[in-house]
1. Note the full-extension length gain between residue 57 and residue 28 as 0.36 nm times their separation in residues minus their Cα-Cα distance, in nm to one decimal.
2. Work out the FRET efficiency for residue 47 and residue 68 from their Cβ-Cβ distance, taking R0 = 22 Å, and round it to the nearest 0.05.
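Each reported figure results from applying straightforward, stated rules to the coordinates on display, with no laboratory input. Bear in mind the structure is a predicted one, so any value in this text is a computation, not a measurement. Positions of Cβ are backbone-derived with ideal geometry, glycine not excepted, and every protein chain shown enters the neighbour counts.
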Ligand SMILES: [Zn+2]
């Protein structure tokens, strides 16, 4: 079942179309422009989310950054998710560059780092 809360503002969604989209009418335009400014599309997000668990995790991080309006972090999530998705097709491809992960983590507030287990 789809969430009945707006993925961006968290308000309760009431009409079926909004519930299917996961965003309310007010936030749909905001989300479209955020997605576009991250050089991605809803279609790509869906593909990455279903590629593998690692890529899906970064897309979840992306959505969280989108809710908070953190565009720089959101773009990094997309970049990393793309690399993770490619590893399914080419398992021999090198792991995600450690520096990118560190840059991402250091750009997040401490409580987020704790949540994803970067620091104890
Ligand atoms: Zn909303």
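1. 8.2 nm
2. Step by step, r from the Cβ atoms, then E = 0.40.
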